[in-house]
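Right, one structure below, let's go through it.
The values are calculated or read from the model by the stated rules, or taken from the named source; none is laboratory data. Worth saying up front: this structure is predicted, and the values here are computed from it rather than measured. Cβ placement follows ideal geometry from the backbone for every residue including glycine, while neighbour counts extend to all protein chains displayed. Surface areas here come from the heavy atoms of the whole protein model, side chains and all, with no ligands, DNA or RNA. Shrake-Rupley method; radii C 1.70, N 1.55, O 1.52, S 1.80 Å.
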Amino acid sequence: MKKKIRIYELAKELDKTFNEIKDILDELNVSVKSPFSTIDEETADVVKEIFEENKKTSKGKKETKEEDKLTTKLEKKKDLKQLDFTISKLSKLCQVTEREIELKLLKYGVVVDSYDSIIPDFAAKNIIELYNIKLEVPINAHIDSKTYVKRAPVITVMGHVDHGKTTLLDNIRKTRIAERELGGITQKIGAYVVEYSGKKIVFIDTPGHEAFTAMRAKGAEVTDIVVLVVAADDGVKDQTIEAIDHAKAARVPIIVAINKIDKPNANPDLVKQQISEHGLLPEEWGGDTICVNISAKNGAGIEDLLEMIILKAELMDLRTNIKAPFAGTVIESFMTKSFGAQITLIIQVGHLRVSDTIGCEDGTFKVRAMCDTLDKPLRLAEALIPVKISGIPFVVRPGTVLMDIALLNARRLSQEKVSTKMDSPILKTKQFTSEEDFFAQEENKESIFNLMIKADSEGTLDAVNVAISRINVPGVTLNILHKGVGMITDTDVLLASVSKALIVGFNVTTSNEARREAKIKDVEIRLYRLIFDLIDDVRNMVEGKLKPKEVENILGTVEVKQTFKISKVGVIAGCIVRSGVVQRGAHVRIIRDRKIITEAKIDSLKRFKEDVKEVREGFECGIGLENYNDIKVGDIFEVYEKVTKK
């Protein structure tokens, strides 16, 4: 078998860039997609020979090229334009909120005291590429390497429960964490620094994708790369799919760690096939997703995974500003008996000293005690180091961005001078093709409509997905952010909230927690029983032609405890109101074994022998349904009213 060589290894050996290697390979009709693509040893030798020949040829033409180089530099200088990017301009260009742009810029060490402050072009270029914006205007991406230095990547480990997330980190850190946690399942967030080949990596061990998205919802943009752990003997599961969708929504690259390859029934190829069905095509199959076979238990493949993380981070060109005022994000907040309120904080920009005054919109405080994640006391901490701070006078929630007091005051002063700006709508402009378009109004804009789908089974989910995918409206891209089977949960609402998405449910219900969260976060949920109604509504929403329609307002839930068959009346359900209220004349959705059986209308409502208009939570009642008698003990009635909404 021929030995395979990765492009980045060859580029490193020859001291060339990926693009220089790719140009040569294109001439040889060898297709590569990324620095992680592989070529055989013979092809690598041919590339080396070509570069060696070019080196000899260029030696004799050195004097002539000096003049050409000078001319080329002058021409490039004319072409490159200083566009004076600001957060406000980038916000309009990418059609996202200024706050989102600000948090993305933190990853490149850029912190500003005003949304109208000029930001470095290299950071603006990275943001533009992140949002897939096409600009025909060249950008001078010069980097002041003395100010903006390369930093460690922040890695969040995600995946399905019991697929080995904490065991993986445990092996990397060489400490026994998993055994001390309840059932081996992570109960809280922890941040840890490891070193590989002389380079640092910051790992965040989260309770799951819910925490990852909850931090995004609170305004945190800490993660640079997601390591998705998938068990080779279990494959892709529901939580794996959700983790993929959450990472994609955050525009964070994913490295797949295929774990438990030491098990006899391990099938890494099946895992690769399954993840490819969810938009993660492995690089060996022609995609750009890095997959690494590992065993978190015996350590096999761990070094390969760390190497891939380091290389991916180098390509992302992650930086921090060592001269800027302090800014960092809280990833963990808890109370202790000895020290009171404590937080775990990742320093993203600048440095932090004991006695510095820092804060957020909720208040300010002086740093009195600080230590690393191994409880070693610190007097000074630099980016990108996770630290614990004790003795905080108020609760600081995870996801809060803390800043130096001087920077915080400057931002407050700046915000007082400008009016409050509204967040961007669901429809977002995605493409600009020239400098004129950059500063133009929203004419001829390409928009994206984010949608989440939940259905009662895989079959109906596929049918709904195919039908929606066929909707084609010029100027609008319909983006199915997440699709899944089962009840709409608070996790779904959380993802919809941070992604500005609409949730549609086909033949499913919504949990009480999801209804509460949707009301608080102003997330719209639409439920359907007929696929034609769902498709028509989605098409009309995308076209902006949705007419006023009846939507459901959930009143409460009722459980059937007994049934009584009464002649000339039918079946009466003896019920207890579990939540909310039940009203005579309201509609009910009958749920049996977690499946919707049918819908009906309340014809009669009694409390003891008296007819009543409504019965509240905790009380018993008798309910008769209009033209429906097939009621069983244990049935759940989801009671709702229909209201007209534009």
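Given the conditions (1) of a type in the set (S, T, N, Q); (2) farther than 16 Å from residue 288 by Cβ; (3) in contact (Cβ under 8 Å) with a residue 60 or more places away in the chain, which single one is not true for residue 17?
It is condition (3) that residue 17 fails.
Among the numbered criteria (1) open to solvent by 50 Å² or more (accessible area, probe 1.4 Å); (2) out of contact with any Ser or Thr (no Cβ under 8 Å at 6 or more places or on another chain), which one does residue 502 miss?
Going through (1) open to solvent by 50 Å² or more (accessible area, probe 1.4 Å); (2) out of contact with any Ser or Thr (no Cβ under 8 Å at 6 or more places or on another chain) one by one, residue 502 breaks only (1).
Got at least one residue in the stretch 472-483 being of a type in the set (Gly, Ala, Ser) and not in a helix (DSSP H, G or I)?
Looking for residues that are of a type in the set (Gly, Ala, Ser) and not in a helix (DSSP H, G or I), one finds at least one in the stretch 472-483, hence yes.
Where in the stretch 588-633 are there strands (runs of 3 or more DSSP E), lying fully within it, with 2 or more residues that are hydrophobic (A, V, I, L, M, F, W, C)?
Correct list: 595-607, 620-625.
Within the set of pairs 6 or more residues apart or between chains, which connect a residue that is free of Cβ contacts under 8 Å to residues at least 40 places away in the same chain inside the stretch 342-362 to a residue that is not in a strand (DSSP E or B) with Cβ atoms less than 6 Å apart?
From the stretch 342-362, the pairs are 352/326; 354/367; 354/379.
Could you tell me which of the residues 568, 561 is more than 30 Å from residue 522 (Cβ to Cβ) and either in contact with a His (Cβ under 7 Å, 6 or more places away or on another chain) or not in a strand (DSSP E or B) (or both)?
568
Kindly establish whether residue 498 is in contact with a helix residue (DSSP H, G or I) (Cβ under 8 Å, 6 or more places away or on another chain) and assigned to a loop (DSSP other than H, G, I, E, B).
Against the criterion (in contact with a helix residue (DSSP H, G or I) (Cβ under 8 Å, 6 or more places away or on another chain) and assigned to a loop (DSSP other than H, G, I, E, B)), residue 498 does not qualify.
Just need a number here: residues in the stretch 285-300 that are more than 26 Å from residue 249 (Cβ to Cβ) and open to solvent by 20 Å² or more (accessible area, probe 1.4 Å).
So the answer is 5.
Residue by residue through the stretch 316-358, note down the ones that are farther than 25 Å from residue 252 by Cβ and at pLDDT below 90.
323, 325, 334, 335, 336, 337, 338, 339, 340, 341, 342 - these are the residues of the stretch 316-358 that are farther than 25 Å from residue 252 by Cβ and at pLDDT below 90.
Quick check on this structure: which one of 305, 384, 352 is crowded, with 17+ Cβ neighbours inside 10 Å and in a strand (DSSP E or B)?
Just one listed residue meets the conditions, 352.
For the stretch 467-486, which positions are exposed (fewer than 12 other Cβ atoms within 10 Å of the Cβ) and over 24 Å from the mean Cα position of the chain (by Cα)?
Answer for the stretch 467-486, where residues must be exposed (fewer than 12 other Cβ atoms within 10 Å of the Cβ) and over 24 Å from the mean Cα position of the chain (by Cα): 470, 472, 474, 475.
In the set 367, 396, which member is in contact with a strand residue (DSSP E or B) (Cβ under 9 Å, 6 or more places away or on another chain), open to solvent by less than 20 Å² (accessible area, probe 1.4 Å) and within 15 Å of residue 347 (Cα to Cα)?
None of the others qualify; the one that does is 367.
Residues in the stretch 258-268: is at least one part of a strand (DSSP E or B) and either in contact with a strand residue (DSSP E or B) (Cβ under 9 Å, 6 or more places away or on another chain) or surrounded by fewer than 23 Cβ atoms within 10 Å (Cβ to Cβ) (or both)?
yes
Just checking, does the stretch 285-301 include any residue being farther than 30 Å from residue 393 by Cα, at pLDDT 90 or above and in a helix (DSSP H, G or I)?
no
Just the residues that are of a type in the set (D, E, K, R) and assigned to a loop (DSSP other than H, G, I, E, B), please, taken from the stretch 518-532.
Within the stretch 518-532, 522, 524, 529 meet the criteria.
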